[in-house]
Amino acid sequence: MYNFKNDYSEGAHPNILNKLIETNLIQQLGYGEDEYSRQAKELLKEKIKNRDAVIYFLSGGTQTNLIVIASSLRAHEAVISAKTGHISANETGAIEATGHKVIAIETTDGKLKPSDLQLTLQEHALRPHVVKPRLVYISNSTEIGTIYSKSELVALSQFCKDNDLLLYLDGARLGHALTAENNDLTLSDIAQLTDMFYIGATKNGGLIGEAIVFNRPEVAADFDYVLKQRGALLAKGRLLAIQFLELFKDDLYFTLAKHANVMAMKISAAVKEKGYSFLTNSTTNQIFPILPNTVIEKLNEKYLFYVWKAIDKEQSAVRLITSWATDETMVDAFIKDLKNS
């Protein structure tokens, strides 16, 4: 069985494992005070072209979302998200468990627009009887594989500035968004247009790890206290930092993400050639073809993937995810079986 269920079925890129072994017995300070953490933070500041950024390393995406959002909001404040956003759909109510409401917006493409935010502000104007929208959560790429264009992110950013809203970008699959064939954003654009974002390694070659980037120091005030209080200040911070050093020193991060995208687009082309349609217009490593249930049943004999949404009695949308390590020979085998189904 070959697994297209997620992009973290494999462990880590060999460069990371080799570096962890190479540095294993070199003594370092703990809690992110080690030399590798300092080097990795400086490297990332260089990549995003923001020397004033404040960076911390955390172990996972849900942990990062939970701690960043909870630490950014006062008790009466809420976060706005697309209904398909990870904090709304796939984090077991983690944000609500901290006492903050997630205001979920129905979207067609997983992306928020200024008009969505404007309507939400109007619906929550009855002060002090309703929660106060304060933070806008977006992801790039989104949970359904779509990406933000620069003009879309500029418009969101300006709206947030004009309305005293914080803009936070979930970058679990940021590498895949930035290497998509129709992308026009850069890491430095992200740093300029958001208040904070994170760079995900778990889904792109890392063993574990996300780098949260606060683009203005004042937004990160006392975050170290919160990190420790929430149990997320890793004693052996070097384990996270070394991964980011390896992924970004020669832009390996983008090479790996590009490979995943290319593999997904190869499958996408075969789906189109077969005459099937898609649930969303994705150019990243997550694609959502709509297939006859009989074809899905046949493919499931050799390949693992999620049935995402039933379209009618005869067909369903499935989610196929390719990874940094996806074997092209297996992609070719899948395409052959799809064509013969």
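Name the residue that is farthest from LEU185 (Cα to Cα), counting only residues in the range 29-51 that are surrounded by 13 or more Cβ atoms within 10 Å (Cβ to Cβ) and among the hydrophobic types (A, V, I, L, M, F, W, C).
Among them, the one singled out is ALA40.
Can you go through LEU119, LEU126 and tell me which one is part of a helix (DSSP H, G or I), surrounded by fewer than 21 Cβ atoms within 10 Å (Cβ to Cβ), hydrophobic (A, V, I, L, M, F, W, C) and free of Cβ contacts under 8 Å to residues at least 24 places away in the same chain?
Criteria check complete, one pass: LEU119.
Please determine, by comparing only the residues of the range 67-102 that are surrounded by fewer than 18 Cβ atoms within 10 Å (Cβ to Cβ) and among the β-branched types (Val, Ile, Thr), which one is nearest to the chain's Cα centre (by Cα).
Only one residue tops the list, namely THR92.
Residues in the range 175-187: is at least one in contact with a strand residue (DSSP E or B) (Cβ under 6 Å, 6 or more places away or on another chain), under 28 Å from THR120 (Cα atoms) and open to solvent by less than 10 Å² (accessible area, probe 1.4 Å)?
The answer is no; no qualifying residue exists.
Can you tell me which residues in the range 289-306 are open to solvent by less than 40 Å² (accessible area, probe 1.4 Å), not in a strand (DSSP E or B) and not aliphatic (A, V, I, L, M)?
The answer is PHE305, and nothing else.
Considering (1) more than 23 Å from GLY206 (Cα to Cα); (2) surrounded by fewer than 24 Cβ atoms within 10 Å (Cβ to Cβ), say which one GLU143 fails and leave the rest.
(1)
Report every pair of residues separated by at least 6 positions or lying on different chains whose Cβ atoms are under 9 Å apart, first residue within the range 13-31 and within 27 Å of LEU227 (Cβ to Cβ), second open to solvent by less than 90 Å² (accessible area, probe 1.4 Å) and of a type in the set (Lys, Arg).
Qualifying pairs under 9 Å: LEU20/ARG238; THR23/ARG238; ILE26/ARG238; GLN28/ARG238; LEU29/ARG238; GLY30/ARG238.
What number goes with the only condition from (1) outside any loop (DSSP other than H, G, I, E, B); (2) within 13 Å of the chain's Cα centre (by Cα); (3) in contact (Cβ under 8 Å) with a residue 60 or more places away in the chain that LEU169 does not pass?
Here LEU169 clears every test but (3).
List the residue pairs whose Cβ atoms are under 6 Å apart, where the first residue sits in the range 327-341 and is over 23 Å from HIS13 (Cβ atoms), the second is open to solvent by 90 Å² or more (accessible area, probe 1.4 Å) and assigned to a helix (DSSP H, G or I), and the two are 6 or more positions apart or on different chains.
So the pair list comes out as SER341/LYS298.
Would you mind stating whether ASP7 is among the charged types (D, E, K, R) and crowded, with 17+ Cβ neighbours inside 10 Å?
So ASP7 passes the test.
Of the residues ILE16, ILE26, ILE21, which single one is open to solvent by 60 Å² or more (accessible area, probe 1.4 Å), under 18 Å from GLY205 (Cα atoms) and modelled with pLDDT of 95 or more?
Just a single option satisfies the conditions, and that option is ILE21.
Among the residues of the range 308-330 satisfying the criterion of being β-branched (Val, Ile, Thr) and farther than 23 Å from ALA172 by Cα, which is least open to solvent (accessible area, probe 1.4 Å)?
Here the residue is ILE311.
Residues that are in contact with a Leu (Cβ under 9 Å, 6 or more places away or on another chain), without any contact (Cβ under 8 Å) to a residue 60 or more places away in the chain and within 20 Å of TYR137 (Cα to Cα), at least 1 per element: which helices (runs of 4 or more DSSP H) completely within the range 178-265 meet that?
Those helices (runs of 4 or more DSSP H) span 187-193.
Consider ALA333 against the criteria (1) more than 17 Å from ASN3 (Cβ to Cβ); (2) assigned to a helix (DSSP H, G or I): it satisfies all of them except one. Which criterion is unmet?
Here ALA333 meets the rest and fails (1).
The values are calculated or read from the model by the stated rules, or taken from the named source; none is laboratory data. Just so we're clear, the structure is a prediction, and the values are computed from it rather than from any experiment. No Cβ is skipped: glycine too gets one built from the backbone with ideal geometry, and neighbour counts run over all protein chains shown. For accessibility, only protein heavy atoms count, side chains too; no ligands or nucleic acids. Shrake-Rupley method; radii C 1.70, N 1.55, O 1.52, S 1.80 Å.
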